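The values are calculated or read from the model by the stated rules, or taken from the named source; none is laboratory data. No experiment lies behind these values; they were computed from the predicted model shown. Please note: Cβ atoms are built from the backbone with ideal geometry, for glycine as well, and neighbour counts cover all protein chains shown. Please note that ligands, DNA and RNA were not included when accessible areas were found on the heavy atoms of the full protein model with its side chains. Shrake-Rupley method; radii C 1.70, N 1.55, O 1.52, S 1.80 Å.
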Amino acid sequence: MNATAEALTTRRQSPLAFGDDVKRFAALTVMLAVTDFKLRFFGSALGYLWSLMRPLMLFGVLYVVFTQVIRLGEGVQYYAVYLLMSIVLFTYFSETTARGLGCLLERENLLRKMRFPRLAIPLSVSLAAMFNLCLNLVVVFAFALAAGVQPRLSWLQLPLLVLALAALGTGLAMTLSVLYVRFRDIQPIWDVLLQILFYASPILYVVGKLPDSVAREALANPLAAIMTQARHAVLDPAAPSAAEAIGAGWRLVIPLGVALLAVAFGLWLFRRETPRIAENL
């Protein structure tokens, strides 16, 4: 009995991933995200505009190169808007994973001194990036309307696609954050993988430009499936949907499964490593 009671006491005193109170966990996550979002622009005259400048400048350079030099966008309806939308979506994924990777190390002093649900830290990173994404999507829709894109009910698919993107990015952020605590080589490795994912995803091009067999393999990447479906739902209903591009609706189980696996594995690994995070920092 004494051993059991001592084990229960030790478990209660050790750090937890979620904590004991769901409302407290949610409130802490939101507070950390809002604080991070505000501090990012603290003391800046232009504020939020700086976070918008990066995707806009990248968009401007890539648009000139791939419409005037290489002409990848030739024949693609609303290519400029598609390029901007894809860059904005990928920027969210990149920001969530890259900042999530080092988020535990950045909060080292807090982790060593306080007992609170550790999972709130990577989730707050994803939520802060989501604030940016929502603001940037307002700009994307403004560009779309200016380019002549007609509003339609299929636009309602976009929140579901963003939810899938958030699941993928957050799952990877959880995994990367605890791996980085143990292995500092994770950062340069992930930087390289992000570059590979950028060019492997249909951002500069559309899947319709690829051979059918290559397109089906490319759409196993959840980012490719999300961007392809976003183009179909938001910009051009005549463009192939993700189901059409991958060959059959049931094959969408592959990218969906990858996203769900990222979340499940991230949660499992984070919960397993939570008691040892502070001592490994």
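Things worth noting here:
- Surface per residue (accessible, 1.4 Å probe) for segment 172-281, Å²: 48 Å²
- What the phi angles of segment 128-144 give under the Karplus curve with 6.51, -1.76 and 1.60, with θ = phi - 60°, is a coupling list of 4, 5, 5, 4, 4, 4, 4, 5, 5, 5, 4, 5, 4, 5, 5, 4, 4 Hz, glycine and proline written as x.
- Each peptide in 254-263, 147-156 was scored by the mean count of other Cβ atoms within 10 Å over its residues; highest first, the order is 254-263, 147-156.
- With all protein chains in place and a 1.4 Å probe, the accessible surface of segment 111-262 carries 70 percent carbon and sulfur.
- In order through segment 81-93: 3J(HN,Hα) via Karplus (6.51 cos²θ - 1.76 cosθ + 1.60), integer Hz, x for Gly, Pro: 5, 4, 4, 5, 4, 5, 5, 5, 5, 5, 4, 4, 4
- Available extension along the chain between Val139 and Ala220 is 26.3 nm, counting 0.36 nm per residue and deducting the alpha carbon span.
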